[in-house]
1. Exposure proxy check: SER112, SER96, SER12 ranked by fewest other beta carbons within 10 Å?
2. Of LYS187, LYS252, LYS247, how do they rank once you tally other Cβ atoms within 10 Å and put the fewest first?
3. Tell me which of ALA26, GLY43, GLY57 sits at the most positive position along the dipole axis of segment 15-59, charges placed on C-beta atoms (Lys, Arg +1; Asp, Glu -1).
4. Within 10 Å of each residue's Cβ, count the other Cβ atoms and sort GLU199, GLU193 from fewest upward.
5. So if I take the centroid of the Cα atoms in segment 10-65 and the same for segment 67-121, what is the distance between those two points in Å?
6. Using only the Cα atoms of the chain, build the gyration tensor, take square roots of its eigenvalues as a ≥ b ≥ c, and label the shape rounded, prolate or oblate: rounded if a/c is under 1.5, else prolate if a/b is larger than b/c, else oblate.
Amino acid sequence: MDTDQKPQAIHSQIWREDPEPDNPFATRVARCHGYDVYGEMLGNARWVDMLHLLFQGDAPTPAAAGLLEALAVALANPGPRDHSVHAAMCSGTCGSPAAASLMAALAVGAGSLSGGREIFLAVQDWSDCGTDLEAWCNRIRHRPVPEKITSWPAPEHPPGFDPHGVRTTLVVQQTLEVLARLSPGDKLRWLREHRADLEGAAGLPLSLAGVAAAAFADLGFPAEAAEMAYLMLRLPGAAAHALEQWKFGHKKFPFYENEFETDRPSPAMEVEA
């Protein structure tokens, strides 16, 4: 080994660490975009302040922090009907390690059905269409073909809308109303005013993912950052339901309770020759 060769530095515009004088592997001071995390922020900043600082590079305004905090509450637990939470519950009921439950939720919740990919596409739509109703209607009816080759399949429904919905759910309406009231931007308020027009163009009701995408757009999150933050913000519910299901066991797994607890004999299996 060349002893004259200097170790390569870690290059990051996000994070800087100063080591302890007697231990180069231990951190003495950690700064996030210039803010002393443990000397200044700890005890004064909220979790959403840190989240905004990490993703956006600056501290949020009070209005932006309020919007991000409300969005985090709305997304914290998608509930057992959501396929990502259900995947975590499947892992939990089998007694899998904690990381396996979270990875199951991330893997299943990463796609274009209320998942991270849908957020990515919907935030891109906000970037391209803004608050132009005609542009939105054209985008919904004639989605452009990606210029770059991607491993993702083409979305089967307009991002931000519920392909299985009959009408806009109460939860979506409540979330949109609160977030639009808190938002420092104009996209959520515009979405609230033109929701019926967009739903008419899509032939589908607005989804919670659609509201979340508008919130990320109002916060100034790029599509890539919005996708990542959305995946993170939905993990608390997946974790909690996985832990609960681990305690309940397989006999009380949702949607299969009757089959597991029935006293009736199972029907004979028929095998075709």
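1. Details: SER112 21, SER96 16, SER12 8.
Fewest to most other Cβ atoms nearby, the residues stand as SER12, SER96, SER112.
2. Working: LYS187 20, LYS252 14, LYS247 9.
Lowest count first: LYS247, LYS252, LYS187.
3. GLY57
4. The order, fewest Cβ neighbours first, is GLU193, GLU199.
5. Centre-to-centre (Cα) distance: 27 Å.
6. The shape class here is oblate.
Each value in this text was obtained by applying a stated rule to the coordinates, not by laboratory testing. Nothing here was measured: the structure is a model prediction, and the numbers come from that model. Positions of Cβ are backbone-derived with ideal geometry, glycine not excepted, and every protein chain shown enters the neighbour counts.
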